[in-house]
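These notes concern the structure reproduced below.
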Amino acid sequence: MQRSLICLLVTLVVPLLLSAEEPVDLSIIHRVRTEALQSSKVMEHMFYLTDVHGPRLTGSSGYRRAAEWVIKQATDYGLANAHLEKWGPFGRGWEYTRFSAHLLEPGYTPLIGFPLAWSPGTNGPITGEPVLAVIRGPEDLEKHKGKLKGRIALIDQPRETPLLSNPLSRRHNEADLAGLEQAPEPGAAPFFMRQSRPSEGQPGPPVMAGPSPARNFEGMRRFRSRRSEFLRQEGVLAAITAGTAGDGGTVFASSGGSQDPKTAPPPPMIVITPEHYSRITRLLDKKIPVKIELEVQARFTEESLDSWNVVAEIPGGRKKDEIVMIGAHLDSWHGGTGATDNAAGSAVALEVLRILKSLNLTMDRTVRMGLWSGEEQGLLGSRAYVKEHFVDPTKMELKPEHHKLSAYYNLDNGTGKIRGVYLQGNDMVRPIFTAWLAPFKDMAATTLSIRNTSGTDHLSFDAVGLPGFQFIQDPIEYSTRTHHSNMDVYDHISKGDLMQASAIMASFVYHTAVRPEMMPRKPLPKPQPERRFGEGREATPTSGTN
């Protein structure tokens with residue numbers, strides 16, 4: 001009994017001792033929570049970024065309109081220095097203004113889908129016969145040579161759509177969070193977390209993922225370019241894929257071509273729901289004649305090959321040359337309106353600055369918001385910002401601003417509420433974040449994970465030795481329904497979750513801005529080789545992905 005009592009006391013007292021020296025201003029947290037929960041503007045931000053200005057593909061007019069709306073809104077909130085910050089070159093722009101797809105024979109059915117980014121239009125309606133021509137590797141090219149001219153090529157293998165046995169939406173349970181709190185086994189894969197994809201079964205807790213042949217980005221890029229050239233030379237009318245996952249009318253896909261103006265576009269490329277794709281392949285297998293009608297109106301723009309990040313700030317006081325940053329990526333894919341990926345993070349970031357400004361809080365350091373473009377193509381916007389302001393990672397010759405950034409906080413895992421923080425292997429911030437999270441225990445934010453989460457803009461900062469953090473969020477429907485899909489729309493946003501996230505992030509930003517010392521840093525990394533296009537992202541070599 002005595003031993004059990006001692007263990008209990010240690011469990012209760014040690015966390016308090018660890019955080020005892022880290023001040024927390026509960027009066028400020030009360031004001032922040034009240035403003036975030038009772039006077040929220042976050043869903044108004046969501047409306048304009050999705051219903052009005054979505055989608056926001058980098059290089060498109062939708063992205064530019066959204067960026068300019070953020071600048072106007074930030075200025076109206078009284079934020080300073082709200083502007084577009086150019087970086088580049090990114091490449092040519094692309095957007096589509098019309099899409100229709102129809103199965104005409106053996107019976108009429110409208111087909112659910114959308115065109116893949118950076119693939120051309122059809123120059124009016126086209127009608128043709130489909131042929132199954134699965135192209136998964138170089139060996140498949142010769143097999144289909146001379147057989148595709150004037151046809152509509154179905155370039156994916158049809159896949160089964162298993163019946164649902166679990167809900168599409170879920171929150172982290174205690175077991176999930178307990179797993180995240182555990183450090184990886186010594187010698188295990190690098191700190192890299194992924195959420196189960198829909199094609200892997202029902203959603204589950206995050207699992208460790210190590211290096212995989214699927215991440216041979218350069219090989220993927222070369223093969224996709226070779227496949228596009230083959231389809232052009234063969235004279236196909238269009239190519240159709242079944243997307244990367246999804247069912248029930250949900251279609252997951254992104255790009256079919258390249259923004260590189262030196263790369264010739266592929267033929268028109270279209271993704272349709274797997275059920276419609278499989279029906280067509282079954283008809284072809286039974287030798288039943290099939291006819292499809294397609295129309296895509298799409299255009300490339302090359303007036304400017306550059307892109308823009310959006311920046312705004314609240315000037316600090318006695319340490320105004322020191323900076324605390326908050327951010328998210330503003331760009332999206334085009335199948336939906338980019339709600340969970342990532343208008344949600346952008347809306348929260350703007351809301352955080354609105355809260356801090358409206359409360360007229362005195363902060364020593366300048367608080368700066370960065371909303372990034374080109375994230376979906378490889379964290380390009382945030383990487384460009386880091387290179388311009390802090391350090392070129394290929395040289396690691398530090399610029400003065402590198403010493404002035406205290407921390408960068410990122411939100412980019414959908415609509416789910418914040419459950420904690422990934423520490424990025426930085427154990428020195430553990431007692432600080434323990435103290436800062438404690439007042440939000442009643443909001444279910446309690447977990448600190450030493451692990452890293454992959455594929456979003458905090459990595460651009462962490463890669464050059466700057467304290468960059470991403471919050472742990474409930475998965476909700478992110479991987480199962482909305483991520484890069486036609487269902488990534490306003491209706492799949494949880495208002496309460498975004499309000500909770502706004503309160504927590506505003507508190508973290510405030511306490512970082514008034515903390516006597518800068519946030520502790522990990523040792524500087526060595527210079528890194530220049531990464532090629534796409535190497536900042538997680539991807540799989542499936543048709544329609546990056």
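Every read-out reported here was derived from the displayed coordinates using simple, explicitly stated rules and does not represent laboratory data. Bear in mind that the values here come from a model prediction, so they are computed numbers and not experimental data. Using ideal geometry, Cβ is built from the backbone for each residue, glycine included, and neighbour counts are taken over all protein chains shown.
Going by average Cβ neighbours within 10 Å, how do the peptides 160-167, 309-316 rank, with the highest at the top? Display every interim value, and only then the final one.
Working: 160-167: 10.0, 309-316: 21.8.
Final packing ranking: 309-316, 160-167.
Quote the relative contact order of the stretch 50-100 in percent (integer), defining contacts as alpha-carbon pairs under 8 Å separated by 6+ residues.
Values: 34 pairs, mean separation 18.4, N = 51.
Relative contact order, the stretch 50-100: 36 percent.
For the pair Tyr108 and Gln38, how long in nm is the line joining their label points, each one 7 Å along Cα→Cβ?
5.8
Could you give each residue of the stretch 166-183 its phi-based ³J(HN,Hα) in whole Hz, using Karplus coefficients 6.51, -1.76, 1.60 with θ = phi - 60°, and x for Gly or Pro?
9, x, 6, 10, 8, 10, 4, 9, 4, 5, 4, 5, 5, x, 5, 6, 8, 5
Under 22 Å between alpha carbons, and skipping anything fewer than 8 positions from Lys441 in its own chain: which lysines qualify?
Lys417, Lys495
For the chain, how big is Rg over Rh, using alpha carbon atoms and the Kirkwood form of Rh? Could the numbers behind the result be given before it?
Working: Rg = 24.3 Å, Rh = 24.4 Å.
Dividing the radius of gyration by the Kirkwood radius yields 0.99.
7 Å from Cα along Cα→Cβ at both Arg282 and Thr362: what's the point-to-point distance in nm?
In this crude label model, Arg282 to Thr362 measures out at 7.2 nm.
In terms of the Cα gyration tensor, with a ≥ b ≥ c the square roots of its eigenvalues, is the stretch 405-474 rounded because a/c is under 1.5, prolate because a/b exceeds b/c, or oblate?
Working: a/c = 2.06, a/b = 1.28, b/c = 1.60.
Since a/c reaches 1.5 but b/c is at least a/b, the shape of the stretch 405-474 is classed as oblate.
Could you calculate the FRET efficiency of Arg226 with Lys495 from 1/(1 + (r/R0)^6), where r is the beta carbon distance between them and R0 is 51 Å, rounded to 0.05? Kindly include the intermediate steps, with their values, before the conclusion.
Working: r = 46 Å, r/R0 = 0.91.
With a Förster radius of 51 Å, E is 0.65.
Wrap a convex hull around the Cα atoms of the stretch 97-155, take a quarter of its surface area, and give that in square nanometres.
Values: hull surface 20.9 nm².
Averaged projected area of the stretch 97-155's Cα convex hull equals 5.2 nm².
Towards the positive end of the charge dipole of the chain, with charges on Cβ (+1 Lys, Arg; -1 Asp, Glu), say which of Gly414, Ala67, Ile240 has the farthest Cα.
My answer, from the dipole projection, is Ile240.
All other residues with a Cβ under 11 Å from the Cβ of Thr122 taken together, and with Lys, Arg as +1 and Asp, Glu as -1, what is their net charge? Please report the intermediate quantities before stating the final value.
Values: positive: Arg98; negative: Glu293, Glu295.
For residues surrounding Thr122, the net value is -1.
Note down the magnitude of the dipole of the chain about its Cα centre, charges +1 on Lys and Arg C-beta and -1 on Asp and Glu C-beta and zero elsewhere, to the nearest 20 debye.
On the way: 62 positive and 61 negative charges, 137 e Å.
The dipole magnitude comes to about 660 debye.
Among Thr301, Ala328, Ile476, whose Cα projects farthest towards the positive end of the dipole of the chain, with charges put on the beta-carbon of Lys, Arg (+1) and Asp, Glu (-1)?
Result: Thr301.
For the charge dipole of the chain, defined by +1 on Lys and Arg C-beta atoms and -1 on Asp and Glu C-beta atoms about the Cα centroid, which residue among Ala153, Leu141, Leu459 has the Cα displaced farthest towards the positive pole?
Going by the charge dipole, the pick is Leu141.
Below 22 Å, Cα to Cα, which lysines can Lys387 reach? Residues fewer than 8 away in the same chain don't count.
Partners within reach: Lys86, Lys320, Lys395, Lys399, Lys404, Lys522, Lys526.
Quick one: length gained pulling Lys395 to Leu524 fully straight, 0.36 nm per residue minus the C-alpha distance? Before the final figure, lay out each step's value.
Values: separation 129, 0.36 × 129 = 46.44 nm, distance 1.18 nm.
Gain on extension, Lys395 to Leu524, equals 45.3 nm.
Taking the convex hull of the Cα atoms, report for the stretch 460-528 its projected area averaged over all directions, in nm².
On the way: hull surface 27.9 nm².
If you wrap the Cα atoms of the stretch 460-528 in a convex hull and average its projections, you get 7.0 nm².
Considering only DSSP beta bridges where both residues belong to the chain, give the percentage that are antiparallel (nearest 5).
Working: 37 of 66 bridges.
If we restrict to bridges inside the chain, about 55 percent are antiparallel.
Rounded to the nearest 20 Debye, what is the dipole magnitude of the stretch 386-490 about its Cα centre when Lys and Arg each give +1 and Asp and Glu each give -1 at the C-beta?
240
What distance in nm separates the two pseudo spin-label positions at Lys86 and Asp51, each 7 Å out from Cα along the beta-carbon direction?
About 3.5 nm, to one decimal.
For every other residue with a beta carbon closer than 11 angstrom to the beta carbon of Asp176, add +1 if it is Lys or Arg and -1 if Asp or Glu, then tell me the sum. Kindly include the intermediate steps, with their values, before the conclusion.
Working: positive: Arg170, Arg171, Arg419; negative: Glu174, Glu181, Asp474.
Net charge in that neighbourhood comes out at 0.
Tell me the relative contact order for the chain as a rounded percent, counting alpha carbon contacts under 8 Å between residues six or more apart.
Values: 1231 pairs, mean separation 129.0, N = 546.
About 24 percent, as a whole number.
Just tell me which aspartates and glutamates come within less than 19 Å, Cα to Cα, of Lys147; anything on the same chain fewer than 8 places away is out.
Glu129, Glu139, Asp156, Glu229, Glu234, Asp285
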